[in-house]
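Asks: Below: one structure in structure tokens.
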Amino acid sequence: MKFTGWKKAHKTHWEENACVEVGTAPGFVGIRDTKQAGVPDAARTVLAVSTGTFAAFVNGLRG
């Protein structure tokens, strides 16, 4: 599965790489660790969840 449009939080401190970023593929959201920034995309670990699951997670965080 190929994820594109990777984004990380706007408040992330760019020097620390202490965050996660999210990308999308049809019907899915990919979540990966920014600490792997030097690793080629094909070799990076990605947690894939459905868009519905990700939306429920974000809504839960918002309360």
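The values are calculated or read from the model by the stated rules, or taken from the named source; none is laboratory data. Owing to the predicted nature of the structure, the values given are computational and were not obtained by experimental measurement. Cβ sites come from the backbone with ideal geometry, for glycine too, and all protein chains shown count toward neighbours.
Asks: State all residues of region 14-43 that are at pLDDT below 90 and surrounded by 12 or more Cβ atoms within 10 Å (Cβ to Cβ); if no residue qualifies, say none.
Replies: Asn17, Cys19, Val20, Asp33, Thr34, Lys35, Gln36, Val39, Asp41
Asks: Also, quick follow-up: Take the residues of region 44-55 that are among the small types (Gly, Ala, Ser) and surrounded by 12 or more Cβ atoms within 10 Å (Cβ to Cβ): which is farthest from the chain's Cα centre (by Cα)?
Replies: Once the filter is applied, the top-ranked residue is Ala55.
Asks: Any idea which of (1) within 12 Å of the chain's Cα centre (by Cα); (2) free of Cβ contacts under 8 Å to residues at least 12 places away in the same chain is the one Phe28 doesn't satisfy?
Replies: If we test Phe28 against (1) within 12 Å of the chain's Cα centre (by Cα); (2) free of Cβ contacts under 8 Å to residues at least 12 places away in the same chain, just (2) comes out false.
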